[in-house]
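Okay, structure first, notes after.
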Ligand SMILES: [Zn+2]
């Protein structure tokens, strides 16, 4: 039986419209409830500093810390940065995250999943091994602020990108690892919108593809999703249809993770554990 890699990834950014203490507390709660299930935490530099202690505890417990840019602001957009801009942002974010968490990030996911060829050349220069900012063949592009039309034609699974484009196969030493999707992305927003039954079916379809092709399954949720929303007006329209009960959201994510582990060939692993197997 060939192992199917399962990469659960959490984006850790500060959501100013959500309760800040709860955004910190949930990191410790997840560490306990995950019971050693290895997860990759993509942190902005600002979040790494603000939640430094719970993130250090996660790193010490065997989890992986990744880079999610500087501060997730509008300017922190990796699609349109110059070579110098991307280099500076990656250098500063890497240093701040490593200092705050005790672990130097080796994997990157741009805020709102933004990336570019300049970003990837900066990532390579700073020792990164993978960019998780692509979601190939995702159809709901309007609900993702950083989405690229080119995602529709990007290779699925993990691939080496071209020098000219992160969305084509090529010779760069870095890996692109897609967020899984089958028209819709495999992330928690879909879980809150369509429910656990739908996500189990989506997982089974991705599992069938993974068994056939050797591709990894990559799931995404955000740590702030379990903190209370302070300002309803700021919420994007599509998110108003989500299940709003924070406890229910938390339980649904754990239930989905448990369900995915019931297949004996599914092996949960961090991003770096997966990349070591690709060499
Ligand atoms: Zn984010």
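Computed from the coordinates by the stated procedures, all read-outs in this text should not be read as laboratory data. All values reported here derive from a predicted model rather than from experimental measurement. With ideal geometry, Cβ positions are generated from the backbone for all residues, glycine too; neighbour counts draw on all protein chains shown.
Do me a favour and compute the ellipsoid semi-axes for the stretch 91-210 from its Cα gyration tensor, root of five times each eigenvalue, largest one first, whole Å.
26, 18, 13
Ordered by packing density, taken as the mean number of other Cβ atoms within 10 Å over each peptide's residues, highest first, how do 148-159, 62-73 rank?
Averaged packing, sorted descending, gives the order 62-73, 148-159.
Tell me the Kirkwood radius of the stretch 149-196: reciprocal of the mean inverse pair distance over distinct alpha-carbon atoms, in Å.
Across the stretch 149-196, the inverse of the average 1/r is 12.0 Å.
Listed highest first by mean packing, meaning other Cβ atoms within 10 Å per residue, what order do 220-227, 78-85 come in?
Put in order of decreasing packing, that is 220-227, 78-85.
P(r) for the stretch 1-119, please, calculated from all Cα pair distances in 10 Å bins and given in %.
With a bin width of 10 Å, the distribution comes to 14, 44, 30, 10, 1.
Applying a 10 Å radius around every beta-carbon, put 101-108, 161-168 in order of their mean neighbour count, most first.
By packing density, highest mean first, the sequence is 101-108, 161-168.
Using a Gaussian network model on the chain with a 10 Å cutoff between Cα atoms, which of 12, 39, 184 fluctuates the most?
Sorting by GNM fluctuation, first place goes to 184.
Out of all DSSP beta bridges with both ends in the chain, state the antiparallel percent to the nearest 5.
The antiparallel fraction comes to roughly 20 percent.
May I ask you to give the average projected area over all directions of the convex hull of the Cα atoms of the stretch 59-131, in nm² rounded to one decimal?
4.4
How large, in Å, is the stretch 4-278 by the Kirkwood hydrodynamic radius built from its alpha-carbon pairs?
18.5
Taking only Cα atoms and a 10 Å spring cutoff, compute GNM fluctuations for the chain and point out the largest among 205, 86, 100.
Per the Cα network of the chain with a 10 Å cutoff, 205 tops the list.
Looking at the stretch 10-51, what % of the alpha carbon pairs are farther apart than 13 Å?
Tail fraction, whole percent: 55.
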